[in-house]
Amino acid sequence: MGSIMEASLFTRKLETEIGGGVQRLKSQGHTPSLTVIVVGNSPSTMVYFKNMAHKGVELGFYVELRKVDDSVGSAEVLQLIHRLNDSNDVDGILVGLPLPKEYDVESILHAISPDKDVDAFHPFNMGQLMIGKPRFIPATARSIIALLENYGVRIQGKNAVVVGRSTIVGKPVACLLLQRDATVTICHSKTVDLINYTREADILVVSMGRPKAITAEYVKEGAAVIDVGINHIEGKIVGDVDFDGVRPKASLITPVPGGVGVLTTLMLFDNVLKAARLNVERL
(Lines give C-alpha, C1' and ligand atoms only; values in the text may rest on other atoms or scores of the structure.)
Protein backbone atom coordinates (compact mmCIF):
# COMPACT_ATOMS: atom_id res chain seq x y z
CA MET A 1 0.00 0.00 0.00
CA GLY A 2 1.52 3.30 -1.11
CA SER A 3 2.21 6.09 1.35
CA ILE A 4 0.18 9.27 0.89
CA MET A 5 2.24 12.35 0.02
CA GLU A 6 0.69 14.94 2.32
CA ALA A 7 1.88 18.45 1.53
CA SER A 8 0.60 19.69 4.88
CA LEU A 9 3.52 17.94 6.59
CA PHE A 10 5.96 20.61 5.42
CA THR A 11 3.82 23.63 4.58
CA ARG A 12 4.48 25.14 8.01
CA LYS A 13 8.20 25.30 7.29
CA LEU A 14 7.56 26.99 3.92
CA GLU A 15 5.18 29.48 5.49
CA THR A 16 7.77 30.37 8.12
CA GLU A 17 10.48 30.89 5.49
CA ILE A 18 8.25 33.04 3.26
CA GLY A 19 6.86 35.04 6.17
CA GLY A 20 10.40 35.73 7.40
CA GLY A 21 11.40 37.00 3.98
CA VAL A 22 8.39 39.30 3.89
CA GLN A 23 9.24 40.75 7.30
CA ARG A 24 12.83 41.42 6.24
CA LEU A 25 11.62 43.43 3.25
CA LYS A 26 9.12 45.29 5.41
CA SER A 27 11.96 46.26 7.73
CA GLN A 28 13.57 47.89 4.68
CA GLY A 29 10.39 49.87 4.05
CA HIS A 30 8.88 47.74 1.28
CA THR A 31 5.75 45.57 1.61
CA PRO A 32 5.73 42.81 -1.05
CA SER A 33 2.59 43.11 -3.14
CA LEU A 34 0.55 41.13 -5.65
CA THR A 35 -2.22 42.40 -7.91
CA VAL A 36 -4.65 39.80 -9.25
CA ILE A 37 -6.82 40.69 -12.25
CA VAL A 38 -10.02 38.65 -12.38
CA VAL A 39 -12.19 39.05 -15.49
CA GLY A 40 -15.83 37.98 -15.30
CA ASN A 41 -18.36 37.08 -12.66
CA SER A 42 -17.73 33.41 -11.91
CA PRO A 43 -18.48 32.88 -8.20
CA SER A 44 -16.15 29.86 -7.96
CA THR A 45 -13.30 31.83 -9.53
CA MET A 46 -13.75 34.69 -7.09
CA VAL A 47 -13.86 32.30 -4.13
CA TYR A 48 -10.60 30.72 -5.29
CA PHE A 49 -8.78 34.04 -5.61
CA LYS A 50 -10.24 35.44 -2.39
CA ASN A 51 -8.90 32.38 -0.56
CA MET A 52 -5.55 32.85 -2.24
CA ALA A 53 -5.51 36.52 -1.28
CA HIS A 54 -6.37 35.61 2.31
CA LYS A 55 -3.36 33.30 2.49
CA GLY A 56 -1.13 36.04 1.07
CA VAL A 57 -2.32 38.51 3.69
CA GLU A 58 -1.66 35.90 6.40
CA LEU A 59 1.92 35.68 5.16
CA GLY A 60 2.29 39.47 5.31
CA PHE A 61 1.80 40.40 1.65
CA TYR A 62 -0.38 43.20 0.32
CA VAL A 63 -2.80 41.56 -2.12
CA GLU A 64 -5.22 43.48 -4.31
CA LEU A 65 -8.00 41.83 -6.33
CA ARG A 66 -8.93 43.86 -9.40
CA LYS A 67 -12.30 42.59 -10.59
CA VAL A 68 -13.03 43.46 -14.24
CA ASP A 69 -16.45 43.03 -15.81
CA ASP A 70 -16.38 40.64 -18.76
CA SER A 71 -18.01 43.33 -20.90
CA VAL A 72 -14.67 45.17 -20.79
CA GLY A 73 -12.51 44.35 -23.79
CA SER A 74 -8.91 43.16 -24.01
CA ALA A 75 -7.67 46.68 -24.73
CA GLU A 76 -8.75 47.99 -21.34
CA VAL A 77 -7.25 44.98 -19.55
CA LEU A 78 -3.99 45.60 -21.41
CA GLN A 79 -4.04 49.26 -20.31
CA LEU A 80 -4.48 48.14 -16.70
CA ILE A 81 -1.54 45.74 -17.00
CA HIS A 82 0.68 48.48 -18.44
CA ARG A 83 -0.19 50.77 -15.50
CA LEU A 84 0.66 48.01 -13.05
CA ASN A 85 3.92 47.32 -14.90
CA ASP A 86 4.91 50.96 -14.38
CA SER A 87 4.04 51.05 -10.68
CA ASN A 88 6.91 50.66 -8.22
CA ASP A 89 4.36 49.63 -5.58
CA VAL A 90 3.35 46.49 -7.49
CA ASP A 91 5.77 43.55 -7.35
CA GLY A 92 3.72 40.78 -8.94
CA ILE A 93 0.86 40.65 -11.45
CA LEU A 94 -1.38 37.65 -12.02
CA VAL A 95 -4.27 37.29 -14.46
CA GLY A 96 -6.92 34.79 -13.44
CA LEU A 97 -7.51 32.00 -15.95
CA PRO A 98 -9.52 31.02 -17.87
CA LEU A 99 -10.36 34.31 -19.54
CA PRO A 100 -13.58 34.78 -21.54
CA LYS A 101 -13.24 33.13 -24.94
CA GLU A 102 -13.28 36.42 -26.84
CA TYR A 103 -10.07 37.56 -25.12
CA ASP A 104 -6.63 37.13 -26.68
CA VAL A 105 -5.09 35.22 -23.79
CA GLU A 106 -1.53 35.25 -25.13
CA SER A 107 -1.41 39.00 -25.74
CA ILE A 108 -2.67 39.65 -22.21
CA LEU A 109 -0.32 37.24 -20.44
CA HIS A 110 2.64 38.38 -22.52
CA ALA A 111 1.92 42.04 -21.70
CA ILE A 112 2.90 41.45 -18.07
CA SER A 113 6.46 42.54 -17.40
CA PRO A 114 8.76 39.50 -17.07
CA ASP A 115 9.96 41.05 -13.78
CA LYS A 116 6.40 40.88 -12.38
CA ASP A 117 5.25 37.69 -14.10
CA VAL A 118 4.91 35.54 -10.97
CA ASP A 119 2.96 32.86 -12.88
CA ALA A 120 6.01 32.54 -15.20
CA PHE A 121 3.93 32.48 -18.39
CA HIS A 122 5.88 35.18 -20.24
CA PRO A 123 8.06 33.80 -23.08
CA PHE A 124 11.17 35.26 -21.42
CA ASN A 125 10.50 33.39 -18.19
CA MET A 126 9.53 30.20 -20.02
CA GLY A 127 12.78 30.48 -22.00
CA GLN A 128 14.81 30.95 -18.83
CA LEU A 129 13.23 27.80 -17.43
CA MET A 130 13.99 25.89 -20.62
CA ILE A 131 17.71 26.70 -20.48
CA GLY A 132 17.91 25.78 -16.82
CA LYS A 133 18.26 29.32 -15.42
CA PRO A 134 14.74 30.09 -14.21
CA ARG A 135 13.88 33.33 -12.49
CA PHE A 136 10.32 32.31 -11.67
CA ILE A 137 9.03 28.74 -11.86
CA PRO A 138 5.32 28.02 -12.43
CA ALA A 139 3.87 27.30 -9.01
CA THR A 140 2.27 23.94 -9.77
CA ALA A 141 5.38 22.53 -11.42
CA ARG A 142 7.51 23.73 -8.52
CA SER A 143 5.08 22.13 -6.05
CA ILE A 144 5.45 18.76 -7.79
CA ILE A 145 9.22 18.85 -7.47
CA ALA A 146 8.96 19.97 -3.84
CA LEU A 147 6.75 16.98 -3.03
CA LEU A 148 9.14 14.54 -4.66
CA GLU A 149 12.18 16.03 -2.94
CA ASN A 150 10.57 16.29 0.48
CA TYR A 151 9.56 12.63 0.31
CA GLY A 152 13.05 11.59 -0.71
CA VAL A 153 12.15 10.38 -4.19
CA ARG A 154 15.28 9.85 -6.27
CA ILE A 155 14.84 11.66 -9.59
CA GLN A 156 18.28 11.23 -11.14
CA GLY A 157 18.36 8.37 -13.62
CA LYS A 158 14.68 7.51 -13.21
CA ASN A 159 12.05 7.19 -15.93
CA ALA A 160 9.60 10.07 -15.51
CA VAL A 161 6.41 10.20 -17.54
CA VAL A 162 4.33 13.39 -17.66
CA VAL A 163 0.78 12.98 -18.95
CA GLY A 164 -0.28 16.40 -20.22
CA ARG A 165 1.64 19.03 -22.18
CA SER A 166 0.19 22.33 -20.95
CA THR A 167 2.42 25.35 -20.43
CA ILE A 168 1.04 25.58 -16.90
CA VAL A 169 2.02 22.08 -15.72
CA GLY A 170 3.21 19.54 -18.27
CA LYS A 171 6.00 21.36 -20.06
CA PRO A 172 7.44 23.15 -17.00
CA VAL A 173 7.54 20.03 -14.82
CA ALA A 174 9.11 18.06 -17.66
CA CYS A 175 11.88 20.68 -17.82
CA LEU A 176 12.44 20.53 -14.07
CA LEU A 177 12.61 16.73 -14.08
CA LEU A 178 15.03 16.78 -17.00
CA GLN A 179 17.24 19.30 -15.19
CA ARG A 180 17.38 16.83 -12.29
CA ASP A 181 18.63 14.12 -14.67
CA ALA A 182 15.47 12.08 -15.11
CA THR A 183 14.72 10.48 -18.46
CA VAL A 184 11.50 12.28 -19.37
CA THR A 185 8.63 11.31 -21.65
CA ILE A 186 5.72 13.67 -22.30
CA CYS A 187 2.41 12.07 -23.27
CA HIS A 188 -0.76 13.82 -24.40
CA SER A 189 -4.16 13.38 -26.02
CA LYS A 190 -2.63 12.19 -29.31
CA THR A 191 -0.29 9.64 -27.71
CA VAL A 192 -0.94 6.14 -29.06
CA ASP A 193 -1.12 3.36 -26.45
CA LEU A 194 -0.61 5.61 -23.44
CA ILE A 195 -0.46 2.60 -21.13
CA ASN A 196 2.80 1.42 -22.72
CA TYR A 197 4.50 4.61 -21.52
CA THR A 198 2.93 5.02 -18.10
CA ARG A 199 3.69 1.42 -17.09
CA GLU A 200 7.41 2.18 -17.48
CA ALA A 201 7.32 5.26 -15.24
CA ASP A 202 9.19 5.33 -11.96
CA ILE A 203 7.72 8.81 -11.51
CA LEU A 204 4.28 9.43 -13.03
CA VAL A 205 2.88 12.98 -13.16
CA VAL A 206 -0.72 13.19 -14.38
CA SER A 207 -2.35 16.43 -15.54
CA MET A 208 -4.83 15.48 -18.25
CA GLY A 209 -8.18 16.82 -17.03
CA ARG A 210 -10.00 13.49 -17.10
CA PRO A 211 -11.37 12.19 -13.78
CA LYS A 212 -9.89 8.89 -12.60
CA ALA A 213 -8.51 8.19 -16.08
CA ILE A 214 -5.30 6.57 -14.78
CA THR A 215 -6.23 3.25 -13.22
CA ALA A 216 -4.03 0.58 -11.64
CA GLU A 217 -3.26 -1.14 -14.93
CA TYR A 218 -1.53 2.07 -16.13
CA VAL A 219 0.89 2.17 -13.20
CA LYS A 220 4.21 0.42 -12.59
CA GLU A 221 4.60 -1.39 -9.28
CA GLY A 222 6.36 0.92 -6.82
CA ALA A 223 5.96 4.12 -8.86
CA ALA A 224 5.65 7.56 -7.29
CA VAL A 225 2.38 9.00 -8.61
CA ILE A 226 1.64 12.74 -8.63
CA ASP A 227 -1.96 13.63 -9.45
CA VAL A 228 -2.47 17.25 -10.55
CA GLY A 229 -6.05 16.83 -11.72
CA ILE A 230 -8.96 18.70 -10.18
CA ASN A 231 -12.36 17.46 -11.35
CA HIS A 232 -15.78 18.13 -9.83
CA ILE A 233 -17.91 14.98 -9.84
CA GLU A 234 -21.24 14.76 -8.00
CA GLY A 235 -20.24 17.42 -5.53
CA LYS A 236 -16.82 15.93 -4.85
CA ILE A 237 -13.33 16.86 -6.02
CA VAL A 238 -11.43 13.98 -7.59
CA GLY A 239 -8.14 13.74 -9.46
CA ASP A 240 -7.09 12.29 -12.79
CA VAL A 241 -5.85 9.17 -10.99
CA ASP A 242 -8.09 6.47 -9.53
CA PHE A 243 -6.63 6.94 -6.06
CA ASP A 244 -8.15 3.87 -4.39
CA GLY A 245 -7.25 1.59 -7.28
CA VAL A 246 -3.71 2.89 -7.81
CA ARG A 247 -2.57 3.30 -4.21
CA PRO A 248 -1.91 -0.45 -3.63
CA LYS A 249 0.58 -0.45 -6.55
CA ALA A 250 2.29 2.89 -5.91
CA SER A 251 5.09 3.50 -3.44
CA LEU A 252 3.91 7.09 -3.00
CA ILE A 253 0.78 8.85 -4.21
CA THR A 254 -0.73 12.33 -3.80
CA PRO A 255 -4.32 12.74 -2.66
CA VAL A 256 -6.83 15.07 -4.33
CA PRO A 257 -7.54 17.35 -2.60
CA GLY A 258 -4.65 17.73 -0.18
CA GLY A 259 -1.68 17.11 -2.45
CA VAL A 260 -0.14 19.40 -5.03
CA GLY A 261 -2.78 22.11 -4.64
CA VAL A 262 -1.90 22.73 -1.00
CA LEU A 263 1.58 23.87 -2.02
CA THR A 264 0.71 25.84 -5.14
CA THR A 265 -0.41 29.04 -3.38
CA LEU A 266 2.72 29.05 -1.21
CA MET A 267 4.97 28.61 -4.26
CA LEU A 268 3.15 31.48 -5.98
CA PHE A 269 3.77 33.81 -3.04
CA ASP A 270 7.39 32.72 -2.89
CA ASN A 271 7.60 33.96 -6.50
CA VAL A 272 6.01 37.24 -5.40
CA LEU A 273 8.63 37.54 -2.66
CA LYS A 274 11.38 37.02 -5.23
CA ALA A 275 9.79 39.64 -7.51
CA ALA A 276 9.68 42.07 -4.58
CA ARG A 277 13.39 41.55 -3.90
CA LEU A 278 14.15 42.25 -7.57
CA ASN A 279 11.98 45.37 -7.43
CA VAL A 280 13.78 46.67 -4.32
CA GLU A 281 17.16 46.11 -6.01
CA ARG A 282 16.05 48.24 -8.97
CA LEU A 283 14.66 51.10 -6.90
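The values are calculated or read from the model by the stated rules, or taken from the named source; none is laboratory data. The model shown is predicted, which means the values in this text are computed figures rather than measured ones. Glycine also receives a Cβ, built like all others from the backbone with ideal geometry; neighbour counts cover every protein chain displayed.
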Look at D227 and say whether it is among the charged types (D, E, K, R) and free of Cβ contacts under 8 Å to residues at least 60 places away in the same chain.
-> yes
Top-ranked residue in region 100-142 [being over 16 Å from H82 (Cα atoms) and among the basic types (K, R); ranked as nearest to the chain's Cα centre (by Cα)] = R142
Give me the pairs, please: first residue somewhere in region 148-161 and outside the structural domain of N196 (by TED's automatic domain parsing) and more than 17 Å from C175 (Cα to Cα), second residue anywhere and surrounded by 17 or more Cβ atoms within 10 Å (Cβ to Cβ) and of a type outside the set (S, T, N, Q), beta-carbon distance under 9 Å, and either six or more positions apart or on two chains.
-> none
Could you list all residues from region 113-166 that are acidic (D, E) and part of a loop (DSSP other than H, G, I, E, B)?
-> D115, D119
Among the hydroxyl-bearing types (S, T, Y), surrounded by 18 or more Cβ atoms within 10 Å (Cβ to Cβ), without any contact (Cβ under 8 Å) to a residue 60 or more places away in the chain and not assigned by TED's automatic domain parsing to the domain that holds V219 - does that describe any residue in region 75-88?
-> no
Evaluate region 27-42: report whether one residue or more is out of contact with any Ser or Thr (no Cβ under 6 Å at 6 or more places or on another chain), of a type in the set (A, V, I, L, M, F, W, C) and either exposed (fewer than 15 other Cβ atoms within 10 Å of the Cβ) or outside the structural domain of G92 (by TED's automatic domain parsing) (or both).
-> no
Can you pull out the residues in region 171-203 that are touching a strand residue (DSSP E or B) at 6+ places or on another chain (Cβ under 6 Å) and either part of a loop (DSSP other than H, G, I, E, B) or not assigned by TED's automatic domain parsing to the domain that holds A250 (or both)?
-> A182, E200, A201, D202
Is it the case that some residue within region 230-243 is of a type outside the set (F, W, Y), touching a Cys at 6+ places or on another chain (Cβ under 7 Å) and crowded, with 18+ Cβ neighbours inside 10 Å?
-> no
Might you check whether a residue that is out of contact with any helix residue (DSSP H, G or I) (no Cβ under 7 Å at 6 or more places or on another chain), loosely packed, with under 13 Cβ neighbours inside 10 Å and part of a helix (DSSP H, G or I) occurs anywhere in region 57-68?
-> yes
F49: passes all of (1) over 23 Å from K101 (Cβ atoms); (2) in contact (Cβ under 8 Å) with a residue 40 or more places away in the chain; (3) among the aromatic types (F, W, Y) but (1)
